Amino acid sequence: MDLEIKLSVMSSLLTRPILDGEVRTKGIRIQSQEAKSMDDLSRCMLNLEFDVGEMAISTFTKARELGIPLVGLPLFTSGRRFLQAGFQVSKRSGIRDLTELRGKRAGMAQYWMSSSVWQRQILQDMYGLAPAELNWITVQPERLKELTFPAGVKVQQDTSGRNPRELMEAGELDAVLSPGGGRDGDRSGEIVAAFPDNASAQRDYYRKTGIFPIMHVTAIKEELAKEKPWVVASLCEIYDEAKKLARSRESIRSSDAPRAGETTAEMRQLMGDDPWPYGIKANRKPLETFVKAASEQHLVKRSITIEDLFSSSLPDSHQ
């Protein structure tokens with residue numbers, strides 16, 4: 001009898017074949033569910049509601065430190081993107097360069113969102129701005145009560161019910177950091193992209209760093225991975241097959257490609273034939289950078305390595 005696995009992922013070109021049951025492997029029957037949002041799915045995984053699921057990498061990293069029985073698989077699907085479009089500033093603030101954010105008010109949904117961690121690391125590494133040099137305003141509670149804020153860093157939650165863009169339109173923020181650019185327009189005319197030529201800024205960042213930021217990671221119940229290590233290899237096979245199907249459809253479903261702010265052709269021109277590789281080796285640079293950020297920003301309280309995050313049962317192709 002096949003092993004039944006409950007799985008949930010965000011819908012994307014890379015995961016649609018899994019959700020639709022188009023890819024299978026011997027010995028496993030997948031009961032799949034499309035996630036409503038990454039916030040909702042991350043919380044479900046923290047509660048161990050699925051055997052396998054997509055998680056925000058920041059939430060997953062903290063869960064590993066806390067001993068929540070989940071372990072990672074280096075399968076990075078719908079949550080991979082550049083973040084330059086997510087930097088927006090208030091026109092009235094007069095900010096012309098991100099170095100001028102020192103001492104200013106920056107808003108975001110959650111302080112410990114994966115995109116927020118990455119964007120603070122960009123400010124630190126490329127503009128010399130430490131987190132303690134800004135005043136941070138959030139609008140949503142964090143996903144875990146253990147997600148506290150570092151000493152010396154000023155974080156305040158706005159409980160008015162407004163989102164960061166609305167706060168900036170009202171003149172209460174100087175900048176907004178979000179996973180992507182505003183999609184609902186600017187009613188006030190007060191919001192300006194920090195990078196007017198977003199595509200150029202993304203390419204410049206990649207050429208300087210070699211990093212395509214990872215937002216989400218695939219997690220599996222640790223007990224399942226340890227007791228049935230063959231399941232880990234089988235899941236990697238399923239995800240690989242789903243990617244092959246996805247790539248065969250890019251020409252007719254390019255609008256469903258993982259969001260990065262550029263077309264698939266442009267991504268390949270910049271990063272090579274497969275802009276969305278799986279496995280630890282192919283992603284060591286962004287993984288090392290995120291682990292470094294998690295430590296420096298005090299997301300985790302102890303030293304953590306890439307190997308701490310992932311299953312020890314990975315096939316050679318994904319190590």
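Return the only residue of SER8, SER12 being polar (S, T, N, Q), modelled with pLDDT under 95 and surrounded by 17 or more Cβ atoms within 10 Å (Cβ to Cβ). Outline the logic, then answer.
Values: SER8 fails: modelled with pLDDT under 95.
Of SER8, SER12, the one residue that is polar (S, T, N, Q), modelled with pLDDT under 95 and surrounded by 17 or more Cβ atoms within 10 Å (Cβ to Cβ) is SER12.
Any chance you could count how many residues in segment 139-157 are within 20 Å of ILE95 (Cβ to Cβ) and surrounded by 16 or more Cβ atoms within 10 Å (Cβ to Cβ)?
Residues that pass the stated criteria total 0.
Can we say GLY180 is over 19 Å from SER115 (Cβ atoms) and outside any strand (DSSP E or B)?
Values: over 19 Å from SER115 (Cβ atoms): no; outside any strand (DSSP E or B): yes.
Here the answer is no, as GLY180 does not meet what is asked.
From the list LEU41, LEU70, which one is of a type outside the set (Lys, Arg) and under 14 Å from the mean Cα position of the chain (by Cα)?
Details: LEU70 fails: under 14 Å from the mean Cα position of the chain (by Cα).
Unique residue meeting the criteria: LEU41.
Give segment 1-29 a look and list any residue that's without any contact (Cβ under 8 Å) to a residue 40 or more places away in the chain, under 19 Å from GLU54 (Cβ atoms) and assigned to a loop (DSSP other than H, G, I, E, B), or say none.
Within segment 1-29, ASP20, GLY21 qualify.
Have a look at MET55, MET45 and point out the one that is in a strand (DSSP E or B), under 15 Å from MET215 (Cβ atoms) and at pLDDT 95 or above. It would help to see each step written out before you state the result.
Numbers: MET45 fails: in a strand (DSSP E or B).
Answer to the check: MET55.
Any chance segment 132-141 includes a residue that's assigned to a helix (DSSP H, G or I) and in the same structural domain as PHE195 (by TED's automatic domain parsing)? Break it down stepwise before answering.
Here is the first cut: in segment 132-141, the ones assigned to a helix (DSSP H, G or I) are 132-133.
If we keep only those that are in the same structural domain as PHE195 (by TED's automatic domain parsing) too, we end up with 132-133.
Within segment 132-141, one or more residues are assigned to a helix (DSSP H, G or I) and in the same structural domain as PHE195 (by TED's automatic domain parsing).
If you take the residues of segment 124-138 that are of a type outside the set (A, V, I, L, M, F, W, C) and more than 18 Å from PRO179 (Cα to Cα), which of them is surrounded by the fewest Cβ atoms within 10 Å (Cβ to Cβ)?
Start the filter on segment 124-138 by keeping residues that are of a type outside the set (A, V, I, L, M, F, W, C), which leaves 124-125, 127-128, 131, 133, 135, 138.
Narrowing the set further to residues that are more than 18 Å from PRO179 (Cα to Cα) leaves 125, 127-128, 133, 135.
Working: ASP125: 16, TYR127: 13, GLY128: 11, GLU133: 15, ASN135: 17.
Within segment 124-138, the match that is surrounded by the fewest Cβ atoms within 10 Å (Cβ to Cβ) is GLY128.
Quick check: anything in segment 111-123 at pLDDT 95 or above, surrounded by fewer than 17 Cβ atoms within 10 Å (Cβ to Cβ) and assigned to a loop (DSSP other than H, G, I, E, B)?
From segment 111-123, those at pLDDT 95 or above are 111-123; that's our starting set.
Now restrict to residues that are surrounded by fewer than 17 Cβ atoms within 10 Å (Cβ to Cβ): none.
Taking every residue of segment 111-123 in turn, none turns out to be at pLDDT 95 or above, surrounded by fewer than 17 Cβ atoms within 10 Å (Cβ to Cβ) and assigned to a loop (DSSP other than H, G, I, E, B).
Exactly one of (1) on the phi < 0 side of the Ramachandran plot; (2) exposed (fewer than 13 other Cβ atoms within 10 Å of the Cβ); (3) at pLDDT 95 or above is unmet by ARG187. Its number?
(3)
Can you tell me which residue in segment 277-318 is nearest to VAL117 (Cα to Cα), limited to those that are among the hydrophobic types (A, V, I, L, M, F, W, C) and part of a loop (DSSP other than H, G, I, E, B)? Write out each step before concluding.
Taking segment 277-318 first, the residues among the hydrophobic types (A, V, I, L, M, F, W, C) are 280, 282, 287, 290-291, 293-294, 299-300, 304, 306, 309-310, 314.
Those left that are additionally part of a loop (DSSP other than H, G, I, E, B): 280, 299-300, 304, 314.
Working: ILE280: 20, LEU299: 9, VAL300: 12, ILE304: 16, LEU314: 27 Å.
So the residue we want is LEU299.
Which condition breaks for ARG24 when tested against (1) closer than 27 Å to PRO179 by Cβ; (2) at pLDDT below 95?
Against the list (1) closer than 27 Å to PRO179 by Cβ; (2) at pLDDT below 95, ARG24 comes up short only on (1).
Considering each residue of segment 90-105, count those that are surrounded by 22 or more Cβ atoms within 10 Å (Cβ to Cβ) and closer than 19 Å to GLU296 by Cα, and give that number. Lay out the reasoning, then the answer.
Let us first name the residues in segment 90-105 that are surrounded by 22 or more Cβ atoms within 10 Å (Cβ to Cβ), namely 90, 101.
In the following step, the residues that additionally are closer than 19 Å to GLU296 by Cα were identified as none.
Number of matching residues: 0.
Could you grab me the full set of residues in segment 84-106 that are assigned to a loop (DSSP other than H, G, I, E, B) and at pLDDT 95 or above? So that I can check it myself, show each step before the final result.
Here is the first cut: in segment 84-106, the ones assigned to a loop (DSSP other than H, G, I, E, B) are 94-97, 102-104.
Within segment 84-106, ARG102, GLY103, LYS104 qualify.
The values are calculated or read from the model by the stated rules, or taken from the named source; none is laboratory data. Since the model is a prediction, treat every value here as computed from it, not as a measurement. Neighbour counts run over all protein chains shown; Cβ positions are idealised from the backbone, glycine included.
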